[in-house]
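The structure appears right after this line, and notes come after that.
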Amino acid sequence: MCCDLKRRFLLLYATQKGQAKAIAEEIWQQAGAHGLEADMHCISEMDKYNLETEEDPVVIVISTTGTGDPPDTAHKFVKKIQDTTLSPDHFAHLQYGLLGLGDSEYTFFCNGGKTVDRRLQELGAQHFYDTGLADDCVGLELVVDPWIDGLWLALKEAFQLRKQKEGMSSDAVSSSPSAAPHVGHEINLSSEVQNLKLEDERAKSSDVLTQKLVDIHLVASARDTEPSLVHSVPPVSQSALNIPALPPEYIEVQFQDTHGENPHLSSLISEGATFEVPVTKAVQLTREDAMKTALLLELDIADTVFDYQPGDAFCVICPNNVNEVEELLNVLGLSEKGEYFVCVKVKQGTKKKGAAYPQHIPERSTLKFILTWCLEIRAIPKKAFLRALVECTSDAGEKRRLQELCSRQGASDYTRFVRDSNVCLLDLLRAFPSCKPSLNLLI
């Protein structure tokens, strides 16, 4: 092998709310272990890369927003490649792989990724790896994890193919130009996911959280034969585990025992006015066995004054349950600091690429305000979060189980006991009592 063969690839992400960026960062973190270097940029940073002259493989992670639109960060890029004056061979030199994120509950599933993929093909670009379309309706990780697993072999084969071509050129071997053969390692992931039938057991009140904890321990009582959230059985319990890389810490939190007022709720949104209005009616539109619950909400806006047109969209800010916030403070050992103001800073020397102040946290607010209004404590924990919880867990058995749930070998257990069971942060902290995460991890 030529010692000076470049092992770099260009990694671009286009994100609306941070999910595509988080997945790109995971790829960036894993690249080094495979002897590769990911040159990662937001797709909007067009001054830092140039696809017209790019010789290395390109990996694109892109989400979808609105009614099938590319993210705001991709608008400039999409406008550029949709220039009708570009020739059909404009990107004939380009080798790329694309991972699209979407939600099949919406009509134009993954249309942001499909738009970019289709246009790059029209301009002559070639896939070195099959396009993946991840569906948040059933779980992005069902496509994302195997897509990333297969990416490394596809990249290495793309580098090997380029080396062979360069060798042929240096030996003056004449041949007619042909498109690079497509390297297909993965099955059609998106179509496979569409065939999955996953039940969604939804938490509808704080009482359900308590009942889920009881259910967890009832299932665990049969631990000799059956797996549960807190217990595994062979082959998972006896397997060597492939777990994700530990996400680098990038923020630090300090408490300030000072007086003041929390920010107005308007600070939680990027633009527009905010109004506090009551919900006067809620009707469930979907059946109990639907993938996701759809509600028809009726809001009383009689006492508000604002202009709107049919088709306008608005943002709804919902507080977390007061009792759950109090319990979380207690579990974290922070009950006495609920009214303390929180100072969040980017950690000096962090290894996280592009680390920045978290935009969802107001610069001056109390801990209780943050847990009530700024964090989605009912969200289903991602595998990367479970991986971080491993480092906060003292009991060896609990630590091993958390490792299993975030590992490749424990993928089915994660789906069954975390995602399908609608497990949230409080459920995990109850089930794994030796796990004591820090506040900076939750933020």
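The values are calculated or read from the model by the stated rules, or taken from the named source; none is laboratory data. Given the structure is predicted, the values throughout are model-derived calculations rather than measurements. As a convention, Cβ positions derive from the backbone with ideal geometry for all residues, glycine included, and neighbour counts pool all protein chains shown.
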Item to check | Qualifying position, being at pLDDT 85 or above and surrounded by 13 or more Cβ atoms within 10 Å (Cβ to Cβ), among Leu241, Leu285, Leu268, Leu295 | outcome: Leu241
Next on the checklist: Checking the structure you have, find out if any residue of the stretch 13-22 is modelled with pLDDT of 90 or more, of a type outside the set (A, V, I, L, M, F, W, C), more than 24 Å from the chain's Cα centre (by Cα) and part of a loop (DSSP other than H, G, I, E, B).
Outcome noted: no
Checklist entry - Taking only pairs six or more apart or across chains, which ones have beta-carbon atoms under 6 Å, a first residue in the stretch 147-159 that is under 10 Å from Asp130 (Cβ atoms), and a second residue that is charged (D, E, K, R)? => result Gly150/Glu186
Checklist entry - Is one or more of the residues making up the stretch 108-119 among the acidic types (Asp, Glu), in the same structural domain as Gln160 (by TED's automatic domain parsing) and more than 27 Å from Lys165 (Cβ to Cβ)? => result no
Item to check | Subset of the stretch 395-435 (residues that are in contact with a strand residue (DSSP E or B) (Cβ under 8 Å, 6 or more places away or on another chain) and not acidic (Asp, Glu)) | outcome: Lys399, Leu402, Leu428, Leu429, Phe432, Ser434, Cys435
Next on the checklist: Quick test of your reading of the structure: Gln409 fulfils all but one of (1) more than 19 Å from the chain's Cα centre (by Cα); (2) closer than 26 Å to Val144 by Cα; (3) modelled with pLDDT of 95 or more. Name the failing condition by number.
Outcome noted: (3)
Checklist entry - Does at least one position in the stretch 324-331 carry a residue that is at negative phi, surrounded by fewer than 17 Cβ atoms within 10 Å (Cβ to Cβ) and in a loop (DSSP other than H, G, I, E, B)? => result no
Checklist outcome for this item: Filtering the stretch 243-263 down to residues that are under 27 Å from Lys351 (Cα atoms) and either assigned to a loop (DSSP other than H, G, I, E, B) or not assigned by TED's automatic domain parsing to the domain that holds Pro362 (or both) yields Ile243, Pro244, Ala245, Leu246, Pro247, Pro248, Glu249, Tyr250
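Here is a yes/no grid of residues against (1) over 25 Å from the mean Cα position of the chain (by Cα); (2) at pLDDT 90 or above; (3) within 26 Å of Gln29 (Cα to Cα):
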| position | (1), (2), (3) |
| --- | --- |
| Phe341 | yes, yes, no |
| Lys347 | no, no, yes |
| Thr350 | no, no, yes |
| His360 | no, no, yes |
| Thr366 | yes, yes, no |
| Leu371 | no, yes, no |
| Leu375 | no, yes, yes |
| Arg378 | no, yes, no |
| Pro381 | no, yes, yes |
Item to check | Flag for Val322 being at pLDDT 90 or above and either under 30 Å from Cys406 (Cα atoms) or not assigned by TED's automatic domain parsing to the domain that holds Val423 (or both) | outcome: yes
Next on the checklist: For the stretch 412-427, give me the residue count where each residue is at negative phi and part of a loop (DSSP other than H, G, I, E, B).
Outcome noted: 4
Checklist entry - Of the residues Glu105, Glu54, Glu37, which single one is modelled with pLDDT under 95, closer than 30 Å to Glu166 by Cα, acidic (Asp, Glu) and surrounded by fewer than 20 Cβ atoms within 10 Å (Cβ to Cβ)? => result Glu37
Next on the checklist: Lys368 - would you say it is part of a helix (DSSP H, G or I), basic (Lys, Arg) and in contact with a Gly (Cβ under 6 Å, 6 or more places away or on another chain)?
Outcome noted: yes
Checklist entry - Condition test on Arg401, is it at pLDDT below 95 and of a type in the set (D, E, K, R)? => result no
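Residue-wise test of (1) under 23 Å from His34 (Cβ atoms); (2) in a loop (DSSP other than H, G, I, E, B).
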residue: Ala74; (1), (2): no, no
residue: Glu105; (1), (2): no, yes
residue: Gly113; (1), (2): no, no
residue: Ile148; (1), (2): yes, no
residue: Ala158; (1), (2): yes, no
Checklist outcome for this item: When the stretch 120-146 is checked residue by residue, the ones that are touching an Asp or Glu at 6+ places or on another chain (Cβ under 9 Å), modelled with pLDDT of 95 or more and either among the acidic types (Asp, Glu) or not assigned by TED's automatic domain parsing to the domain that holds Ile81 (or both) are Asp130
Item to check | Output for the stretch 381-407, where each listed residue is surrounded by fewer than 18 Cβ atoms within 10 Å (Cβ to Cβ), in a loop (DSSP other than H, G, I, E, B) and not acidic (Asp, Glu) | outcome: Cys392, Ser394
Item to check | Residue count for the stretch 274-308, restricted to those that are aromatic (Phe, Trp, Tyr) and in contact (Cβ under 8 Å) with a residue 40 or more places away in the chain | outcome: 0
